[in-house]
Amino acid sequence: MSENEKKSSARIAKEGIVEQLKEKFSKASTIVLVDFRGLTVEEDTALRVEFRKAGVEYTVIKNSMIRLATKDTPYGAQLDALLEGPTAVAFGFEDMIAPAKIAVEYGKKTKKLAIKGGASDGAYLDVAGVQALAELPSKEVLIARFMGSLMSSVSALARVLEARRKQLAGEE
């Protein structure tokens, strides 16, 4: 295989990777970029396990590939400014909060994982935005709170109707 053919096949492979990344960036509900410098292999493995349990895809990607994949997104220019040093990306497809929550908690625990920024629902998030997203309650907690508020409203209505029934029946 000639040198030109090797370069051509490498370029085709890179283009395929960029296309896959574009798809991930477009389908993910939340994206968190982190600097993982200083993590030991054990710490990185533990982080990957946490992300996997939550259904989050976590991968190390070359900055140039991220630039190409996010070039046409609404947040591409902002993310481009964050691409210094090693970068790993956490893609959240189902749970919007999980990538941010895990990354922020793990960063606090190890003092080595640094949040660079991210995006959620097509909008850029700076470090403070990612931290704010991480502080939101999980989907399950929000559903439980909503159901609790619905039940309290229904219970109050039932008590009022029962009191009115008793009043009309002369039971009071």
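Stokes-Einstein diffusion coefficient for segment 16-150 at 37 °C in a medium of 0.692 mPa s, Rh from the Kirkwood formula over Cα pairs: what value in µm²/s? Let's see the in-between values first.
Numbers: Rh = 15.1 Å.
For the chosen part, D equals 218 µm²/s.
How large is the charge dipole for the chain, taken about the Cα centre, if only the Cβ atoms of Lys, Arg (+1) and Asp, Glu (-1) carry charge, to the nearest 20 debye? Walk me through the numbers before you get to the answer.
Values: 26 positive and 24 negative charges, 18 e Å.
Dipole of the chain, to the nearest 20 debye: 80 debye.
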### Task
Report, in deg cm²/dmol and to the nearest 500, the calculated mean residue ellipticity at 222 nm for the chain, where each DSSP H run with n ≥ 4 adds -39500 (n - 2.57) and the sum is divided by the residue count.
-20000 deg cm²/dmol
### Task
Evaluate 2.2 N^0.38 Å with N set to the residue count of segment 1-93, then give the Cα radius of gyration divided by it.
1.21
### Query
Tell me, what HN-Hα J-couplings in whole Hz come from the Karplus equation 6.51 cos²θ - 1.76 cosθ + 1.60 at θ = phi - 60° for each residue of segment 68-77, using x for Gly and Pro?
5, 6, 9, 3, 9, 8, x, 10, x, 5
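Looking at segment 44-78, which trypsin sites (Lys or Arg not before Pro) are DSSP coil and have at most 15 other C-beta atoms within 10 Å of their C-beta? Could you put the intermediate results ahead of the total?
Working: sites: Arg48, Arg52, Lys53, Lys62, Arg67, Lys71; in loops: Lys62, Lys71.
Answer in residue order: Lys62, Lys71.
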### Task
With an 8 Å cut-off on Cα pairs and a minimum separation of 6 or more residues, tell me the relative contact order of segment 3-136 in percent.
34 percent
### Query
Which pairs break 32 Å Cα to Cα here: Lys53/Lys116; Lys62/Lys111; Lys14/Lys109; Lys14/Lys139?
Lys14/Lys109; Lys14/Lys139
### Query
Seen from all sides and averaged, what is the projected area of the convex hull of the Cα atoms in segment 68-131, in nm²?
4.4 nm²
### Message
Placing +1 on the Cβ of each Lys and Arg and -1 on the Cβ of each Asp and Glu in segment 25-126, which of Leu39, Val49, Ala69 has its Cα farthest towards the positive end of the resulting dipole?
### Response
Leu39
### Query
Loop-only check: which trypsin sites (Lys or Arg not before Pro) in segment 90-128 are DSSP coil with at most 13 other Cβ within 10 angstrom?
Lys111
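Can you figure out the FRET efficiency of Glu23 with Glu105, using R₀ = 35 Å and their beta-carbon distance, to the nearest 0.05?
With a Förster radius of 35 Å, E is 0.80.
If you take the beta carbon distance between Asp72 and Ala128 as r and set R0 to 30 Å, what does 1/(1 + (r/R0)^6) give as a FRET efficiency, to the nearest 0.05?
Details: r = 26 Å, r/R0 = 0.86.
That gives a FRET efficiency of 0.70.
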### Query
Between Ala46 and Ser149, what FRET efficiency comes out of the Förster formula 1/(1 + (r/R0)^6) with R0 = 45 Å and r the beta carbon distance, rounded to 0.05?
0.75
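Any read-out appearing in this document is the output of simple, stated calculations on the displayed coordinates, not a laboratory observation. Owing to the predicted nature of the structure, the values given are computational and were not obtained by experimental measurement. Don't worry about glycine lacking a Cβ; one is built from the backbone with ideal geometry, like all the others, and counts go over all protein chains shown.
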